[in-house]
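Here is the structure we will look at.
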Amino acid sequence: MLKHKLLVTDMWFKATKSWHRKFEPRVHVWKLKEENTWEEYRCMVRDKVEEAKWKGLCVNDHWQQMKGIMMESAQDICRTTKRTMQTQGNMVVE
């Protein structure tokens, strides 16, 4: 009486497409260590804060507005990373 039988098969797997992370440019914040860049950034943030309308906003809205001012100023002064395209053989690597 046999309880187990041997099963033999050939299996083929198709490779699925690999998903790449979406490119998000990053700000070169290390440039803020330079004295003249830091001073320019500080002045720009100060000017934008003085121009902003702060009344009637909740704490979260204040933070979001301040975050936007700081990020926008950093992007203007320090620049961001750029997306580069490299080729490997006949494939394009991002």
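Descriptive notes on the structure:
- Residue count for segment 56-68, restricted to those that are surrounded by fewer than 12 Cβ atoms within 10 Å (Cβ to Cβ) and within 24 Å of the chain's Cα centre (by Cα): 4
- If you go through segment 1-27 and keep only what is touching a strand residue (DSSP E or B) at 6+ places or on another chain (Cβ under 7 Å) and not aliphatic (A, V, I, L, M), you end up with Pro25, Arg26.
- Looking only at segment 43-78, residues that are in contact with a helix residue (DSSP H, G or I) (Cβ under 8 Å, 6 or more places away or on another chain) and either in contact (Cβ under 8 Å) with a residue 24 or more places away in the chain or closer than 28 Å to Lys22 by Cβ (or both) come to 12 in all.
- Residue in segment 48-55 that is surrounded by 11 or more Cβ atoms within 10 Å (Cβ to Cβ), hydrophobic (A, V, I, L, M, F, W, C) and in a helix (DSSP H, G or I) present: yes
- Condition check for Glu40: over 30 Å from Lys22 (Cα atoms), loosely packed, with under 13 Cβ neighbours inside 10 Å and not small (Gly, Ala, Ser): no
All of the numbers you see were taken from the coordinates with simple rules; none came from a lab. Just so it is clear, the model here is predicted, and its values are computed rather than measured. Cβ atoms come from the backbone with ideal geometry, glycine included; neighbour counts cover every protein chain shown.
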